[in-house]
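**Q** I'd like to ask some things about the structure below.
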Amino acid sequence: MAQKYHIVTYGCQMNVHESEKIAGILRRVGYTESGALEEADIIVFNTCCIRENAENHAFGNIGALKKLKKQKPELLIAVGGCMTQEKGKTEVLKKKFPFIDIMFGTLNLEDLETLILRKRTQKKKVIEIREKEGEIIEFPDAYRTSYPNAWVNIMYGCNNFCSYCIVPYVRGRERSRKSEHILNEVRQLVKEGYKEITLLGQNVNSYGSDGKTDMTFAQLLDAVASIEGNFRVRFMTSHPKDFNEDVVKVMEKHRKICRLVHLPVQSGSNAVLKEMNRRYTREKYLSEIEMLKSRLPEAEVTTDIIVGFPGETEDDYLQTEDLVKTVDYASAFTFVYSPRQGTKAAEMDNQIPEDVQKDRIMRLVELVNSLTRKKSEKYVGKTVEILCEDYDAKKGLYLGRDEFGRMGYFQSEKDVIGQFIQLKITKANGISLFGEMQEGK
Ligand code: SAH
Ligand code: SF4
Ligand code: F3S
């Protein structure tokens with residue numbers, strides 16, 4: 001009987017897609033997918049270290065395998081992802097969980113295949129973490145699990161060193177994938193029937209600035225959206241220091257590109273933005289949104305916000321609230337600042353007490369939720385186009401998203417996953433919408 005794999009993923013979209021590449025490698029080696037963790041012959045943890053709670057989550061789940069490993073000593077446990085790439089973290093993992101068999105980094109994902117083969121012939125654990133980024137490795141056999149959506153990397157790494165952020169330390173310097181590789185991948189995905197292509201990078205607007213490819217991001221986006229077929233295009237993440245009108249002009253040209261820009265602001269206060277090393281001001285940020293809306297009035301913006309950054313005063317925080325109200329985001333991800341070892345902000349001597357951070361995040365979440373609720377209510381009575389993604393067996397409803405990422409649920413007699421549906425919205429509940437499928441459209 002074929003051996004089975006199970007992958008546990010933490011973190012961002014980048015990691016979700018990397019787990020698809022890991023699945024591709026595991027299948028190459030001869031494993032097949034396992035539904036349940038207990039049935040797996042190899043379990044791979046694809047970790048994240050963006051905030052402390054992401055790490056604790058992984059620690060908890062890895063620790064919980066101690067018993068299973070005892071009962072089933074031939075079970076292989078592998079740990080990869082951003083955590084293993086953190087300085088000193090493999091030592092911590094080794095000590096805490098001596099039963100881990102294999103560790104690999106984000107910078108040498110491709111080595112997983114040889115590491116597994118090596119582990120099969122030796123008792124000793126196999127650890128290989130590459131310290132410096134190398135040439136980009138193509139993964140033509142990623143095993144995709146998110147049909148009708150497909151993630152496509154356009155670049156890796158980050159050069160920005162925002163003072164709170166660990167990503168540049170665990171993902172290496174920015175490098176762009178060759179445009180022809182990206183375009184070929186998208187063409188193939190469209191041919192296979194994928195309906196939503198999301199271009200991924202930590203800072204997509206600086207695509208090509210390493211001189212490793214022949215296009216700017218705007219040119220690449222134009223080329224992707226020019227590919228024939230019935231599909232949507234998304235991209236993330238845009239960094240406000242580099243977001244520009246060229247990209248918006250390309251959006252204007254192609255209806256295929258969703259009118260949604262994820263533009264993480266982090267804070268509404270110039271003083272905090274400066275300490276964060278974000279390299280834009282509140283005013284520049286707002287002027288970009290104005291530019292976007294002047295060309296595309298229907299466009300929506302989503303964002304990421306951090307509260308409780310070192311030195312953030314009540315007034316700084318209120319400026320963030322004010323900005324949130326001004327922009328009227330489609331949605332916002334809100335985080336409490338989490339010190340990351342090795343980053344500049346972790347060394348700052350004006351860390352904010354936990355109770356103040358908690359108070360601010362609660363107020364902000366309430367504000368964001370109330371704005372999102374209001375946005376949802378405006379949907380009622382309208383008909384929107386949804387790309388059906390899945391079936392929720394518990395609810396007995398199909399679900400999908402509109403171009404702004406809003407989730408809509410509906411009933412259908414037949415399986416409509418992968419189809420664009422006209423949905424008449426009848427009810428809004430928090431961030432979710434409920435509606436009726438319009439037949440014959
Ligand atoms: N490259 C993207 C985002 C990467 S991480 C960008 O520049 O926007 C996703 C989000 O996690 C960030 O936007 C930020 O809001 C949050 N984040 C990153 N480091 C954090 C930290 N140390 N504490 C809390 N939130 C953090
Ligand atoms: Fe982190 Fe800043 Fe890079 Fe985003 S741009 S990954 S927040 S360092
Ligand atoms: Fe993503 Fe977490 Fe790494 S957010 S880039 S998986 S640290």
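The values are calculated or read from the model by the stated rules, or taken from the named source; none is laboratory data. Treat the numbers as computed from the prediction; the structure is a model and nothing was measured. Positions of Cβ are generated from backbone atoms using ideal geometry, with glycine treated the same way; all protein chains shown enter the neighbour counts. Accessible surface areas use protein heavy atoms only, side chains included; no ligands, DNA or RNA. Shrake-Rupley method; radii C 1.70, N 1.55, O 1.52, S 1.80 Å.
**Q** Computing the accessible area with a 1.4 Å probe over protein heavy atoms, can you report the carbon and sulfur percentage for the stretch 1-81? Provide the component values of the computation, followed by the final result.
**A** Details: 1770 of 3420 Å².
Heavy-atom surface of the stretch 1-81 belonging to carbon and sulfur, 1.4 Å probe: 52 percent.
**Q** Would you pull out the residues with amide H under 5 Å of Gly208's amide H, same chain only if 5 or more places away, H placed 1.01 Å from N?
**A** Excluding prolines and chain starts, which carry no amide H, the hits are Ser176.
**Q** Less than 15 Å apart at the alpha-carbon level, and either on another chain or at least 8 residues along: which aspartates and glutamates does that give for Lys284?
**A** Here the aspartates and glutamates satisfying the reach criterion relative to Lys284 are Asp242, Glu245.
**Q** Keeping every protein chain in place, order Thr216, Thr145, Thr343 by accessible area at 1.4 Å, biggest value first, i.e. largest first. Walk me through the numbers before you get to the answer.
**A** Numbers: Thr216 70, Thr145 95, Thr343 0 Å².
Result of the area sort, largest leading: Thr145, Thr216, Thr343.
**Q** About its Cα centre, how strong a charge dipole does the chain have in debye, to the nearest 20, once Lys and Arg get +1 and Asp and Glu get -1 at the Cβ?
**A** 1020
**Q** Turning to a different aspect of this structure: Can you classify the stretch 144-260 as rounded, prolate or oblate using the Cα gyration tensor, where a ≥ b ≥ c are the square roots of its eigenvalues, rounded means a/c under 1.5, and otherwise it's prolate if a/b beats b/c and oblate if not?
**A** On the way: a/c = 1.76, a/b = 1.47, b/c = 1.20.
The shape class here is prolate.
**Q** Could I ask something else about it? Farthest toward the dipole's positive end in the chain, which of Ala299, Ala40, Ser269, given Cβ charges of +1 (Lys, Arg) and -1 (Asp, Glu) about the Cα centre?
**A** Ala40
**Q** Sort 397-403, 131-137 by packing, meaning the average of other beta carbons within 10 Å per residue, with the highest value first.
**A** Details: 397-403: 21.1, 131-137: 11.3.
Ranking, from highest mean packing down: 397-403, 131-137.
**Q** Here are some pairs, Lys241/Lys274; Lys274/Lys344; Lys67/Lys124; Lys72/Lys123; which of them have Cα atoms lying more than 23 Å apart in this structure?
**A** Table pairs above 23 Å Cα-Cα: there are none.
**Q** Further question: Dipole of the stretch 19-176, Cα-centred, from +1 at each Lys and Arg C-beta and -1 at each Asp and Glu C-beta, to the nearest 20 debye? All intermediate terms of the calculation are to be shown ahead of the outcome.
**A** On the way: 26 positive and 21 negative charges, 146 e Å.
Approximately 700 debye in magnitude.
**Q** Moving to a separate point now. Using a Gaussian network for the chain with springs between C-alpha atoms less than 10 Å apart, which of these wobbles most: Gln71, Gln351, Gln188?
**A** Gln71
**Q** Please work out whether the stretch 111-199 counts as rounded, prolate or oblate from its C-alpha gyration tensor, where a ≥ b ≥ c are the square roots of the eigenvalues and a/c under 1.5 means rounded, while otherwise a/b larger than b/c means prolate and anything else oblate? Intermediate values should be presented prior to the final figure.
**A** On the way: a/c = 2.25, a/b = 1.24, b/c = 1.82.
Verdict is oblate for the stretch 111-199.
**Q** Per-residue HN-Hα couplings for the stretch 94-107, Karplus 6.51 cos²θ - 1.76 cosθ + 1.60 at θ = phi - 60°, whole Hz, x for Gly and Pro?
**A** For the stretch 94-107, the Karplus curve yields 4, 5, 5, 10, x, 7, 5, 9, 9, 10, 9, x, 6, 8 Hz.
**Q** Next question. Apply the Karplus parameterisation 6.51 cos²θ - 1.76 cosθ + 1.60, with θ equal to phi minus 60°, to every residue of the stretch 216-228 and state each ³J(HN,Hα) to the nearest whole Hz, in sequence, with x for glycine and proline.
**A** Karplus values, whole Hz, x for Gly and Pro: 8, 5, 4, 5, 5, 4, 4, 5, 5, 6, 7, 5, 5.
**Q** Sticking with this structure for a sec: If amide hydrogens are placed 1.01 Å from N in the peptide plane, which non-local residues have theirs closer than 5 Å to the one on Val233?
**A** Correct list: Ile197, Ile257, Cys258.
**Q** Something else about it: What's the percent breakdown of Cα-Cα distances in the stretch 12-137 across 5 Å bins, shortest bin first?
**A** Per 5 Å bin, starting at zero, the Cα-Cα P(r) for the stretch 12-137 comes out as 2, 10, 22, 26, 23, 13, 4, 1, 0 percent.
**Q** Might you tell me the accessible area per residue for the chain, computed with a 1.4 Å probe and given in Å²? Don't jump to the answer; show the numbers that get you there.
**A** On the way: 20210 Å² over 441 residues.
Accessible area per residue, the chain: 46 Å².
**Q** Now, a different point. Is there a pair in Lys21/Lys394; Lys249/Lys424; Lys96/Lys178 whose C-alpha atoms are over 32 Å apart, and which pairs would that be?
**A** Values: Lys21/Lys394 30 Å; Lys249/Lys424 30 Å; Lys96/Lys178 40 Å.
Cα-Cα > 32 Å for Lys96/Lys178; rest within.
**Q** Let me ask something else. Per residue of the stretch 79-88, in order, report the coupling 6.51 cos²θ - 1.76 cosθ + 1.60 (Karplus, θ = phi - 60°) as ³J(HN,Hα) in whole Hz, putting x for Gly and Pro.
**A** After applying 6.51 cos²θ - 1.76 cosθ + 1.60, I find 10, x, x, 5, 5, 5, 8, 6, 4, x Hz.
**Q** Taking the chain on its own, what percent of its Cα-Cα pair distances exceed 26 Å? Can you show the working numbers first?
**A** Working: 58799 of 97020 pairs.
When every Cα pair of the chain is considered, 61 percent fall beyond 26 Å.
**Q** Of Ile100, Leu75, Gly24, which is farthest towards the positive pole of the chain's charge dipole, taken about the Cα centre with +1 and -1 on the beta-carbons of Lys, Arg and Asp, Glu respectively?
**A** Among Ile100, Leu75, Gly24, the one farthest towards the positive end of the dipole of the chain is Leu75.
**Q** Quick one: work out the % antiparallel among DSSP beta bridges in the chain, nearest 5. Provide the component values of the computation, followed by the final result.
**A** On the way: 22 of 65 bridges.
Expressed as a percentage, antiparallel bridges in the chain total about 35.
**Q** Report, to the nearest whole %, how much of the accessible area of the stretch 210-337 belongs to carbon and sulfur atoms, 1.4 Å probe, protein only.
**A** Working: 2490 of 4990 Å².
Answer for the stretch 210-337: carbon and sulfur cover 50 percent of the accessible area.
**Q** Please pull out the direction-averaged projected area of the stretch 245-288, using the convex hull of its alpha-carbon atoms, in nm² to one decimal place.
**A** On the way: hull surface 13.7 nm².
Dividing the Cα hull surface by four gives the mean projection, 3.4 nm².
**Q** Note down the accessible area of Ile431, probe 1.4 Å, to the nearest 10 Å².
**A** 110
**Q** Now for a different question. Only Lys, Arg, Asp and Glu count, each charged at its Cβ (+1, +1, -1, -1), so figure out the dipole size of the stretch 209-356 about its Cα centre, rounded to 20 debye. Could the numbers behind the result be given before it?
**A** Details: 19 positive and 26 negative charges, 159 e Å.
That gives the stretch 209-356 a dipole magnitude of about 760 debye.
**Q** Could you bin all the Cα-Cα distances of the stretch 182-229 into 5 Å bins starting at 0 and give me the percent of pairs in each, rounded to whole numbers?
**A** 4, 20, 30, 23, 15, 7, 1
**Q** A follow-up question, please. With springs only between Cα atoms under 10 Å apart, run a GNM on the chain and tell me which of Thr326, Thr32, Thr237 wobbles the most.
**A** Result for the chain, Cα springs under 10 Å: Thr326 fluctuates most.
**Q** With springs only between Cα atoms under 10 Å apart, run a GNM on the chain and tell me which of Gly80, Gly35, Gly208 wobbles the most.
**A** In the Gaussian network model the winner is Gly35.
**Q** With N denoting the number of residues in the stretch 385-441, provide Rg(C-alpha) divided by 2.2 N^0.38 Å, to two decimal places.
**A** 0.98
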